[in-house]
Amino acid sequence: MNILKRITSDTRFPSLGLALGSACVLGVLVPGAVLWLAHLHATFGIDIHARLKPPTFAHWLGTDPLGRDTLAFSLVGAVNSYGISYLSMVLALGLGTGLGVLAAAAGQKTKIIANGVVELGIAFPPIIIAALLVTLCGAGVVQEICALAIFFIPGFVRLGQQAAANIYAQDYIAAARLSALTPWRILLRHVLPNMVPGLLVQFSVNVALAMLAETGLSYLGLGAPPPLPELGRILASYQVHIYDHPHLVAVPGVVVVLLVLGTNMVGDGLRDRFARQEHIS
Amino acid sequence: MQNFLWPFRFIGSRLVLLILASLIIFFSMTLLPGDPAEVLLGVDAQPDTLAALHHQLGLDQSLPVQYWHWATGLLHGNFGQSYGYNVPVWSLLLERLQVSLPLAGIALTAAVTLGLLLGVFTATQRGTWLDLAFMGAIQFTKAVPDFWLAMLLTGFFALSLHWFPAGGFAGWEQGGSAALRSLVLPAVALALPQAAVLARYTRSAVIAVLDEPFILTARAHGLSERQVLCRHVLPRSLPSVLAVVSLQIPLLLSGTIIVENVFNLKGTGALLLEAVNQRDVPVVQACVLLIVAVVVVEKGLLQWLEMRLSPWLASGRNGRAA
Amino acid sequence: MFSAATLHRPKKTRLRIILGLTLFCAVGGTPSSAMAGAQDGSIAVGINISPSTLDPTTNPSEGIRNVTYANIYEGLTAEDEQGAVHPLLAQSWSVSPDGVHYAFALHPNVQFHDGAPLTCATVKFSLDRARAPESLNPQKQIFENIQDVSCPSDLSVSVTLKAPHASFLSELAWADAVIVAPQSAAGNAQHPIGTGPFIFKDWKRAESITLKKNPTYWGTPAKLKTVIFRFYTDPLAAANALLDGQLDAYPSFPAPEMAARFTQNSAFVVKQGIAPFKAMLALNNRRKLFAQPLVRQALAYALDRAGITEAMDIPGALVLGSHMSPENQNYTDLSSVYPYNPEKAKALLRQAGVEPGTRLKLVLPPIAYAHTTGELVAAYLEQVGLNVTITQLEWPAWLAQVFGHHDFDMTVIAHTEPDDIGIYARKDYYFGYNNPDFQALYAAYEAEQDPAKRHTLSVQMQEKLAHDVPNVFLFFVPRTNIARREVKGLWNRLPLPATPMSSVFWGQ
């Protein structure tokens, strides 16, 4: 019972979740990355005459409707989807938090602008942002990254603003102000470093959400164009085989679940670890 | 004093927001390649035919004039005429809301109820096998793409068990129960992942309050667990949970496009995507404005609720702001 | 609620359900509601494209034709399943020897759904409306060739053409040429009124359209009382609706890959229907690269068209060698003109001086077959040393870029119009094929009245295109026509986009 308590408690035993989560993510991404590199310059093994073959030693989970290895193709798709989600969150983190911190540091006007951005962002659903971007600039990796980032920016603005406002309200900031430090120095030396743990947690949680959103976008055909494999588009192109080859729909689906689950667990583990550190210090 | 002015400030700033949103959407729609008339008339259309339709739709006027016509029409309660369907936009929206509103309503109610119950339950059961099992299930549900879940649900509950229809909307004129039955599976597909997210937040929020020293004091005063939960824990943990709910509501009105697609439901989400693809600017405008309006109303309600639930938080906020 | 089949499912299946991954093997049984339609004479039919208006004379959407044509609206002539022209509202006609004067005798006692009678004035109104300067008719060129329409009597119509046009009678059978009445024409987009065997009843936009039987139809009345057309955007949702019993028939099933699921199920009959379908890799002949016949031939050799056709996963799919599909009476098999030969393709490219690694832009419209084909084309062209960048667009953008601005190197598209080889004579058309020999052949074909000579000319046109490859012709796929076993009388061959329902009935 004691061990159980340690596993499930939020603060005491976070390493297990971290380890399991990392295992899920790395278990998909490492073989995926190897395959990704191997197929960097080749069209992904299309062989029409070997389409929809059952599992063999060469193709562990059989081949897909265009004769590609189902498992390998899904794993490479996972690397692309994860990479796109990750990069979009880096972008959203940078822009969103930047605006949020500015809003907290500067006066009322910036705050109003930041709030406007947040609410406008909420009003435009991600699929519509993506549809507009894709129509305007054509489908592409960059467009997809931007569409996802735009959708997640409001969350980071809000978080950045709240976190920064909390830190600005602390006594040591007042002390720093009294000792005539410039606002920029205060921002760089005291505010930003103290925001890192919270942002990191939010970042990993959002990467998981972005993965789901990315899968949805590419499922609807708003992702990057072929031949670049992405999990959503793979699912969309396999779904018509749900009755005759159900495993084709299962494989990319399970890969998505593993990645998102793993990322979430890593995020939770990180949060708990930071919480414990704070507790100790 | 501030509290009395608050609604006016709130409404004023939101009006600016609405105008901004409509400007953004209008001009980004007109920037898009592709011409609504070309979409309507197809590949073999001749130039004079296109010109005739342009004139009919008012597309031969300059952009600011087009926007002005639309905006003044709106002031008279006129959302404009759909390019594609050639009917008033409001009648299209009304048709779609008959599907979207109940769907969003059911999904939201289910997500909130399930999420709160599970969250509070797992928090009070912290450290037991039950908690572990539920948390595992919650983590898993959070990781499932909604359209994949929708496919699995249809395969099992509709095609194997025949408990629910596999898709489509029966329509209200067929009687309420048939209509509701056709919304069950999509509502579940929408609600489960959201409920999981909420349960996770609720659990953390409740645990955070449970760990506060004053809870020990309350227990020491001989309050039962239920009393502790209802009187002390929930009022303090609900506001942060409500904030999460407020983020989920607009998603339920518009972000349902994929699930609607799998179940062949024709809601506002589907209408919005269809309208973007057909360059049906008046319809896109109306849909986006509707969503912004929902966001605005819902945020106002939530702020009010938050103030009612935890007056000390509201006063604390005002104090900090001052 | 449970059907018998569900209750008696063996335990083993339950286990597999719990295992989760093979959920869909467990699908079985027929829902009890499925045969309800047989009793009350109603049928639910699945359609792929939801119409935005219901007037085929002002909008080219296939969805409009699938619902309204031959059910609500009728034309002067009609085509049968084989594509042969028959009398309809015009019970007979005569054509002058110079092919310019047409005299039609109208069927007497024809009434519109609102009670208005069909007279020559109605026909004159319809044709004049279609050729007016402000007309939005999608096939305006048919009517612009009309010099004059006059009414010798109430039931006879005289039409004079500007130039002889032998396809005129079959073009009058198109949905763009249906006869509408002056007092109802303006409202047809929302509430269609025609002379057909079914009357428009109800429309839930994007969801369904209900028609009911016309009790006072002038011809053979419809056998069904009610027809409901339902619209599906997602192939899986369409399949589920059929399996679930919400639909009784799907004449153009969107996911032929799933057809096997229905062939195995004794409750359904799956047929290979035939309708115009010419999938091709369209090349922008205005580009310097594709202006060279050598390069176009190289591309034709570079693609394994048999493989691409096989990847469509549809029984009955055929490799095409020219711009004509087998539903057409003039169709000739020319698929072996350029057999798959990557070595020859490389040699031809070298001969034409095309550098290896040359970049080509492949622009794809948002349709499943185009995406699959596009991916395969890119893979094959890479094997002969060409680099392909794929861009996926949605319809308006694709239309604007490809049809409007001719800003593309290659695109994948299927032409589904009947008998449209004439597009190769239009030098301003999107692929920009400008060949005087072909234009001369087409002019001769349109001026010719004799069917045998027309056939010879048509074959010559097809051969000309097959050798000259203005576009790389890829494949024809049949329509997958799925219906409950008891549904009879559905058209299997369709020369025009339509779903004629008047002959459909519930049998055994």
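The values are calculated or read from the model by the stated rules, or taken from the named source; none is laboratory data. This structure is a prediction, so every number in the text was calculated from the model and none was measured. Note that we place each Cβ from the backbone using ideal geometry, even for glycine, and neighbour counts take in every protein chain shown. When the accessible area is computed, the model is the full protein with side chains, heavy atoms only, and any ligands, DNA or RNA have been set aside. Shrake-Rupley method; radii C 1.70, N 1.55, O 1.52, S 1.80 Å.
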P(r) of the protein assembly as shown in 20 Å steps, Cα pairs, percent per bin?
11, 39, 34, 13, 3, 0
Spelling out what I want: for every residue of the stretch A:239-245, take phi, set θ = phi - 60°, compute 6.51 cos²θ - 1.76 cosθ + 1.60 (Karplus), and round to whole Hz; glycine and proline get x.
5, 5, 9, 4, 7, 8, 9
Starting from the amide H of C:Leu364, placed 1.01 Å from N in the peptide plane, find each other amide H under 5 Å away whose residue is 5 or more places distant or on another chain.
C:Thr391, C:Gln392, C:Leu393
Protection proxy (average C-beta count within 10 Å per residue), highest first, orders C:297-304, A:163-170 as C:297-304, A:163-170
Would you give the gap between the C-alpha center of the stretch C:401-415 and the C-alpha center of the stretch B:214-279, rounded to a whole Å?
46 Å
I need the phi-derived Karplus couplings for the stretch B:97-105: 6.51 cos²θ - 1.76 cosθ + 1.60, θ = phi - 60°, integer Hz, Gly and Pro marked x.
5, 4, 8, 5, 4, x, 4, 4, x
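When DSSP assigns beta bridges and you keep just the ones with both residues in chain C, what percent turn out antiparallel, to the nearest 5?
Within chain C, antiparallel bridges account for around 75 percent of the total.
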Estimated FRET transfer efficiency when R0 is 45 angstrom, pair C:Lys427-B:Arg181 (beta carbons, to 0.05)
0.20
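Residue by residue through C:311-322, how many Cβ atoms from other chains fall within 10 Å of the Cβ on average? Provide the component values of the computation, followed by the final result.
Values: counts 7, 1, 6, 0, 0, 0, 0, 0, 0, 0, 0, 0.
Per-residue shielding by partner chains comes out at 1.
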Quick check for you: with a 1.4 Å probe and neighbouring chains kept, what is the accessible area per residue of chain B, in Å²?
44 Å²
Rounded if a/c under 1.5, otherwise prolate or oblate - chain C, Cα gyration tensor axes
oblate
Report, in debye and to the nearest 20, how large the dipole of the stretch C:74-187 comes out about its Cα centre when Lys and Arg carry +1 and Asp and Glu carry -1 on their Cβ.
260 debye
Give me the dipole magnitude in Debye, nearest 20, for the protein assembly as shown about the Cα centre, with unit charges on the beta carbon: positive for Lys and Arg, negative for Asp and Glu.
4160 debye
Return the percentage of antiparallel bridges among DSSP beta bridges fully within the protein assembly as shown, rounded to the nearest 5 %.
75 percent
Using only the alpha carbons, work out the radius of gyration and Dmax of the stretch C:304-359 in angstrom.
14.9, 42
Modelled label-to-label distance, C:Asn387 and C:Glu343, 7 Å Cα→beta-carbon offset: nm?
2.8 nm
Residues of C:385-392, mean number of Cβ from any other protein chain within 10 Å of their own Cβ, rounded to a whole number?
3
Where the only charges are on Cβ atoms (+1 Lys, Arg; -1 Asp, Glu), what is the dipole of the stretch C:276-476 about its Cα centre, to the nearest 20 debye?
660 debye
Estimated inter-spin distance, C:Thr263 and B:Ser13, nm [label 7 Å along Cα→Cβ]:
6.4 nm
Can you pull the one-decimal nm distance between simple spin-label points at B:Cys230 and C:Ser503, each 7 Å off the Cα toward Cβ?
7.2 nm
Shielding by partners, peptide A:133-141 (average Cβ within 10 angstrom, other chains):
5
What's the angle, to the nearest 10 degrees (0 to 90), between helix A:126-137's Cα axis and the longest principal axis of chain A?
70 degrees
Given H placed on each backbone N at 1.01 Å, which residues far from C:Val388 in sequence or on other chains put an amide H within less than 5 Å of it?
C:Leu360
So, in Å, what gap is there between the alpha-carbon centers of the stretch C:55-121 and the stretch C:191-269?
23 Å
With unit charges on the beta carbon (Lys/Arg positive, Asp/Glu negative), name the residue among C:Ala185, C:Ile146, C:Leu88 whose Cα is farthest towards the positive pole of the charge dipole of the stretch C:74-187.
C:Ile146
Roughly how far apart, in whole Å, are the Cα centres of the stretch C:134-173 and the stretch B:147-173?
50 Å
Which one, B:Ser160, B:Tyr201, B:Leu272, projects farthest toward the positive side of the charge dipole computed for the stretch B:90-315 from Cβ point charges (K/R +1, D/E -1)?
B:Tyr201
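Using alpha-carbon pairs under 8 Å, 6+ residues apart, how would you state the relative contact order of the stretch C:276-476 in percent? Walk me through the intermediate numbers first.
Numbers: 348 pairs, mean separation 76.3, N = 201.
Relative contact order for the stretch C:276-476 comes out at 38 percent.
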I'd like the Karplus ³J(HN,Hα) series for the stretch C:109-118: coefficients 6.51, -1.76, 1.60, θ = phi - 60°, whole numbers in Hz, and an x wherever there's a Gly or Pro.
6, 8, 10, 6, 4, 8, x, 5, x, 8
Mean Cβ-within-10 Å packing, highest first, puts peptides B:88-99, C:390-401 in the order C:390-401, B:88-99
Nearest-5 percent of antiparallel DSSP beta bridges in the stretch C:276-476?
60 percent
Take the eigenvalues of the Cα gyration tensor for the stretch B:90-315, scale each by 5, and report the square roots as semi-axes in whole Å, largest first.
36, 22, 14
Tail beyond 23 Å, pair distance distribution of the stretch C:74-187 (Cα, percent)
22 percent
With r defined as the distance between the Cβ atoms of C:Glu310 and C:Gln439 and R0 fixed at 30 Å, what FRET efficiency is calculated, to the nearest 0.05?
0.25
Debye sum, Cα scatterers, the stretch B:1-88, no solvent: what log₁₀ I/I(0) at q = 0.13, 0.16, 0.21, 0.25 1/Å?
-0.57, -0.76, -1.12, -1.36
Sequence-distant residues sharing a close amide H with C:Ile413 (under 5 Å, placed H)
C:Met280, C:Ala282
